[in-house]
1. Out of all the residues in segment 229-243, is one or more at pLDDT 95 or above and under 28 Å from the mean Cα position of the chain (by Cα)?
2. What residue, among those in segment 20-76 that are farther than 26 Å from residue 125 by Cα and in contact with a Pro (Cβ under 7 Å, 6 or more places away or on another chain), is surrounded by the fewest Cβ atoms within 10 Å (Cβ to Cβ)?
3. Got at least one residue in segment 79-93 being within 16 Å of the ligand (Cβ to nearest atom), under 18 Å from the mean Cα position of the chain (by Cα) and assigned to a helix (DSSP H, G or I)?
4. Taking segment 354-368, which residues are within 10 Å of residue 187 (Cβ to Cβ) and within 15 Å of the ligand (Cβ to nearest atom)?
5. Report, by residue number, each residue of segment 236-258 that is open to solvent by 30 Å² or more (accessible area, probe 1.4 Å) and among the small types (Gly, Ala, Ser).
6. Residues of segment 120-137 being at pLDDT 95 or above and within 16 Å of the ligand (Cβ to nearest atom), which ones?
7. Given the conditions (1) open to solvent by 60 Å² or more (accessible area, probe 1.4 Å); (2) touching a strand residue (DSSP E or B) at 6+ places or on another chain (Cβ under 7 Å), which single one is not true for residue 224?
Amino acid sequence: MTDKLAKIIMQRCDQLAQFSEIEGQLSRGFLTKPMIATHDLVKKWMQEANMITRLDAVGNLIACKTSHNKNAKTLLIGSHLDTVRNAGKYDGIIGVLIAIAAVEILKDKELPFHIDVVAFSEEEGVRYKTPMFGSKAVIGKFDNGYLDLVDNDGISMKQALINYGLDPHKIPQAAYKPKGVLGFLEVHIEQGPRLAAMDKPVAIVSAINGATWATASFVGKAGHAGTSPMDLRQDALLATAEIIIELEKIALSTDGLVGTVGQLEVRPGSSNVIPALTEFSLDIRHSEDKVRQQAVDKLLARADDLAKKRKLEFNYCENTIHKATAMDSNFINILKEIDPLLPIMPSGAGHDAMILAEFTPTAMLFVRSPNGISHNPEEIVWEEDIEAALSVVVRFIEKLANLK
Ligand SMILES: [Zn+2]
């Protein structure tokens, strides 16, 4: 049955990819017009799996398979339906469709818990430049200030909700009660090349990487590029070049660490003037906060040395710190029992699971991205990998329910 459903999931991904704000590509933002057709179709599939559907006040589409035990807790399974601009067909979507298919397989089985399949309304942060407020509403952490955010057309989030037929005053009711929730499981494409390199279809996510996002600068002295001797210069760009290479060295020598300088400004920015000032971004990520901090400290110590050596000033400002989010160890153990050969790896990107993990035991599965590409129309998944992930999800539910 999983093979038949995997085929259906692939077809459904193609169907949903037609619902887009822009013709010829897939772009589907939070509560935009194509989300209406998306919700209608996903709702139909949920109902075909015998689930009762509802739309909460932030537009999360939720479908319930109820247990006979009315006081039972609820297992949440899902991912998001919104996309980035010019997206691939699978990011987020497969997590929702695999959850529906898992319930389809188990629909005649009595479980000791309810299952809510949750299709989050917003994860990517495209329309309001703020990500994951679908999942934030579910855990009761929706900030009312979000309602005043305005999109590129001048429409506030509050108005967008009203236009979609939703009542912003009811957003607090979208929150689950922590005691009533058993846990959360999200299936997502890996969006990277590691599973493909290992030739494995599915992985267990150990943690979602923490990140340090900072801005740094070296300040030196401008001077004539022709008349200033090399040994008397205070060239800010040379120190910057060295520190960027240092970041690469630290990352290459620390298992799992990634470091990026994605922005660099050089002033005054003339071909015949020695660079007096640089300003650059730093993005450093790891699944363990301690390891990430050690890398940051090592880099900063090296920057201070370079500043001394080259008679420069070094400035550093941390803009954002995201702590690493560990997935639930009991859930990881259950997944390992299902298939001891499943690789375990951290997630380099943020996901709804990161938000849910604050609130309830959370686990995540990655499905191989065969070409390692995501947030791009070239994003692909293989049907047999979908089938493998679906089998793991069904076994996970059965194990939680002590059915097998
Ligand atoms: Zn996603």
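1. Scanning segment 229-243, I find no residue that is at pLDDT 95 or above and under 28 Å from the mean Cα position of the chain (by Cα), so the answer is no.
2. Of everything passing the filter in segment 20-76, 69 is surrounded by the fewest Cβ atoms within 10 Å (Cβ to Cβ).
3. Filtering segment 79-93 for residues within 16 Å of the ligand (Cβ to nearest atom) gives 79-93.
If we keep only those that are under 18 Å from the mean Cα position of the chain (by Cα) too, we end up with 79-93.
When the remaining residues are screened for being assigned to a helix (DSSP H, G or I), the result is 93.
Yes, because at least one residue in segment 79-93 is within 16 Å of the ligand (Cβ to nearest atom), under 18 Å from the mean Cα position of the chain (by Cα) and assigned to a helix (DSSP H, G or I).
4. Here is the first cut: in segment 354-368, the residues within 10 Å of residue 187 (Cβ to Cβ) are 363-367.
If the condition is that a residue be within 10 Å of residue 187 (Cβ to Cβ) and within 15 Å of the ligand (Cβ to nearest atom), then 364, 365, 366, 367 are the ones that fit.
5. Passing the criteria: 241, 253, 256.
6. In the first step, residues of segment 120-137 are kept if they are at pLDDT 95 or above; the result is 120-123, 134-137.
The answer is 120, 121, 122, 123, 134, 135, 136.
7. (2)
Here's the yes/no breakdown for (1) over 19 Å from residue 259 (Cα atoms); (2) under 23 Å from the mean Cα position of the chain (by Cα):
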{"position": "291", "(1), (2)": "no, yes"}
{"position": "302", "(1), (2)": "no, no"}
{"position": "312", "(1), (2)": "yes, no"}
{"position": "315", "(1), (2)": "no, no"}
{"position": "324", "(1), (2)": "no, yes"}
{"position": "333", "(1), (2)": "yes, yes"}
{"position": "339", "(1), (2)": "yes, no"}
{"position": "346", "(1), (2)": "no, yes"}
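The values are calculated or read from the model by the stated rules, or taken from the named source; none is laboratory data. On a predicted model such as this, the values are computed, not experimentally measured, just so you know. Every residue, glycine as well, gets a Cβ built from its backbone with ideal geometry; the counts of neighbours run over all protein chains shown. Side chains are part of the model used for accessible areas, which takes the heavy atoms of the whole protein and leaves out ligands, DNA and RNA. Shrake-Rupley method; radii C 1.70, N 1.55, O 1.52, S 1.80 Å.
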